Structure formats: structure tokens, C-alpha cells
Amino acid sequence: MNLVSPCKALCKLTDDDICAGCNRTIEEITNWRTYTENQKQAVFARLASLEKTRPS
């Protein structure tokens with residue numbers, strides 16, 4: 001499986017170096033191409049847990 005980047009093309013870093021569009025850290029963004037599938041899945045899992053904790 002080759003996981004596609006969660007980038008939403010709404011790139012703007014917050015003061016905490018988190019992308020306002022996809023919620024990835026600067027480290028996750030810059031290292032995405034070299035991440036293993038397991039590392040990418042971990043990023044997706046973290047992003048999914050963020051979505052569950054946000055108020056609707």
C-alpha cells in the first residue's frame with residue numbers, strides 16, 4: 001500500500017509549526033516522503049483522533 005499525503009493544499013503553519021490545513025507537524029510534512037508505511041499510518045491515526053476530539 002502506498003499512502004497518499006494528507007495535504008489539503010491549505011498550507012499555513014501555526015505558531016506551533018502545525019499546518020493549519022492538514023494538521024501535520026513540520027517534521028511530518030518534511031519527512032513524509034521517507035516515512036515507512038507504518039509511520040504514515042501512525043500520522044493518519046493521530047489526525048483521525050484529532051478529528052474525533054474537535055467539537056462539531
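Please treat every number below as a calculation from the coordinates, not as lab data. The model shown is predicted, which means the values in this text are computed figures rather than measured ones. Don't worry about glycine lacking a Cβ; one is built from the backbone with ideal geometry, like all the others, and counts go over all protein chains shown.
Here is how the numbers come out for the structure above:
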read-out: Positive minus negative residues near Ala48 (Lys, Arg vs Asp, Glu; Cβ under 15 Å); value: +4
read-out: Reachable lysines, given that their alpha-carbon falls under 17 Å from the alpha-carbon of Lys40 and they are not under 8 places away in the same chain; value: Lys8
read-out: Most to least packed among 19-25, 5-11 [average Cβ atoms within 10 Å]; value: 19-25, 5-11
read-out: Residue-count net charge about Gly21 - beta-carbon cut-off 13 Å; Lys, Arg +1, Asp, Glu -1; value: +2
read-out: Identified option (computed mean projected area of the Cα convex hull in nm²; candidates (1) 5.1; (2) 4.3; (3) 5.7); value: (2)
